[in-house]
Structure formats: C-alpha cells, structure tokens
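Asks: Dropping the structure in here first, questions after.
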Amino acid sequence: MRARAWRLAVFMFVLRFTLNLVGIVSHVAVSSFARRWFATVWPPAWTTEWYAYSWREFQLADVLTVTAIVAASVTALALALGFPAAYVLARRGFAAKNAVLLLYFLPLLIPQMTYGIPLATSLYRYRIGGTMGGVILGNLVPMLPLAIFVLLPFLEQISESLEWAARVHGAGRWQVFRRIVLPLAVPGLLTAGLLVLVNTVANFELTFLLSGAGSQTLVVALYYAVFAAGMRPIYSVDAMAVIYMAVVLVILLVALRFVRPTQMVFRIGGR
C-alpha cells in the first residue's frame, strides 16, 4: 500500500507539473497570435502581426546574430580549452587534484551575481565590457568548468592500455590523440557542447552585466522588452518569448539528433 501511495503521489506531482508547464507555454503562444484578448476563453481574432512588430521593434535579426555568435564562440572555446584540461585531470593524479576540481566547480555552485559584478567591473575598466568579446569571456567563466566536468567521466572511461598499445606500435602523441582519444571522446564532446550551448543561450546574469547596445543576446533583449521604459503591447513580448522558446527547441532537436539523453545519463553517472 505504501509503495502504491508513493507511486500515485509521484505521478500526481509529475502530472501537475506537466500541466502547469503546458498551460504557461500555451497561454504565451496563444497570446502571441491574438489581435486582442480580454476576459474571454479564446481570443476573438487572430493575427501574426505581433511577430513582425517584435522582429522590427526589437531588432531581432541583429539580436539572433549576436546570440548565435556568442553561443558558438563560447561552445568552441569551452571545448577547446576544457578537453585538454579534462584529459590531464582524467590521466594524472597529483596532491592538489581535489582542490583544483573544487576550484573549477565554484563558478557552477556560486550565484553568478556574486562574481559577475566584480568581473564586469574589471572588464569595463579595460574597455572589454559592453562588447561581444566581453560577453563571450563572461559566459566562459561558468561554461568552461561545465565542459570539463561533463568531459571528465567520458575520458576516464577511455582505457589507457589503448594509448600504450598504440605507442608500442610506433604511434606518436598526435596520432594517438587523433586516431584513438578523439574518436572515443566524440560522445563526450557532443554532450558537453550541447549543454554549454543551451546554457549559454539561456544565461542571463553574466550576459546582462556585460552586454551593451550591440551585444545583447536574445534572453537579455527579452528582459529589456518587458521592463524597459515605454509602452509595448504585451502580445509583441509574447511573440518574442515564443521566438526564444523556438530557438532553444530547435537547438535541442538538432543536438538530440546526435546525442541521446540516456547516453548522457549513462556516461555522466556511470564509471
């Protein structure tokens, strides 16, 4: 009876959470297509004008371009810098290894505002803040440790005996890396790249602190659309929110074409 009651409670919690999430997303989507919507179950008239309005008013073409450049740059740098760091941590044991791992883990544990404000102050002092480069550097602070921690268990599963056997047969370090380590680490690279990409697109705090007029990503532009001075139709903000959700959904669908969630759980959680 206890097990059945527990399963029922979990099922009801998941059902309530799912219905709540679907309800919120559906309300925003319906509102983005409503010409006007007051005190009725469904809008009396429908339109797509708010998407054109938000695209023009909020300069979404430029914002999406900045978002794509920032997300791609942070992902590429996090993987390029995180892969060798994760490889060294996976292959080498040293006295301060736990301290180094804790140091890498801190940006993921501490709220971003606590180190984002002094980071932004330093970057603005050197005239890097307010630029796209500053946004990329700021997002790299938590995304690089994220990439390292995702890659670490993948690299630990690659047997060192394979590398030793290749070297015994005359392969150099570059050949060992290119023909053995890199192909076996591709699932880890795809997983880390997916997580870094999605988190960068959704990262608000650091991007908000370091972005300027021409370096705002979509999530920061959405914030300004809601809270900036002036009157804006709520329907246009809903249309912008739908565009943001669509961008993230497309990224996830494309990424899941190459990475399976079960593979991610197995690789990260297993040893």
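The values are calculated or read from the model by the stated rules, or taken from the named source; none is laboratory data. These numbers were taken from a predicted model, which means no experiment stands behind them. Virtual Cβ from ideal backbone geometry, glycine too; neighbours counted across all protein chains shown.
Asks: How about the range 50-67: which of its residues are loosely packed, with under 15 Cβ neighbours inside 10 Å and either at pLDDT 90 or above or hydrophobic (A, V, I, L, M, F, W, C) (or both)?
Replies: Those that are loosely packed, with under 15 Cβ neighbours inside 10 Å and either at pLDDT 90 or above or hydrophobic (A, V, I, L, M, F, W, C) (or both): ALA52, ALA61, ASP62, THR65.
Asks: Of all residues in the range 206-240 being among the hydroxyl-bearing types (Ser, Thr, Tyr) and outside any loop (DSSP other than H, G, I, E, B), which is nearest to ALA34 (Cα to Cα)?
Replies: Per the stated criteria, the residue is TYR235.
Asks: Residues that are surrounded by 12 or more Cβ atoms within 10 Å (Cβ to Cβ) and either acidic (Asp, Glu) or touching a residue at least 24 places away in the same chain (Cβ under 8 Å) (or both): does the range 20-27 have at least one?
Replies: Within the range 20-27, one or more residues are surrounded by 12 or more Cβ atoms within 10 Å (Cβ to Cβ) and either acidic (Asp, Glu) or touching a residue at least 24 places away in the same chain (Cβ under 8 Å) (or both).
Yes/no per residue for (1) over 29 Å from the mean Cα position of the chain (by Cα); (2) over 14 Å from ALA241 (Cα atoms):
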residue	(1), (2)
VAL30	no, no
TRP37	yes, yes
PRO43	yes, yes
THR47	yes, yes
TYR51	no, no
TRP55	no, no
ALA68	no, yes
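Asks: Output the number of the condition that SER32 fails; it satisfies all remaining conditions of (1) modelled with pLDDT under 85; (2) surrounded by 11 or more Cβ atoms within 10 Å (Cβ to Cβ).
Replies: Unmet for SER32, out of (1) modelled with pLDDT under 85; (2) surrounded by 11 or more Cβ atoms within 10 Å (Cβ to Cβ): (1).
Asks: Tell me yes or no: at least one residue of the range 177-197 is outside any helix (DSSP H, G or I) and surrounded by fewer than 15 Cβ atoms within 10 Å (Cβ to Cβ).
Replies: no
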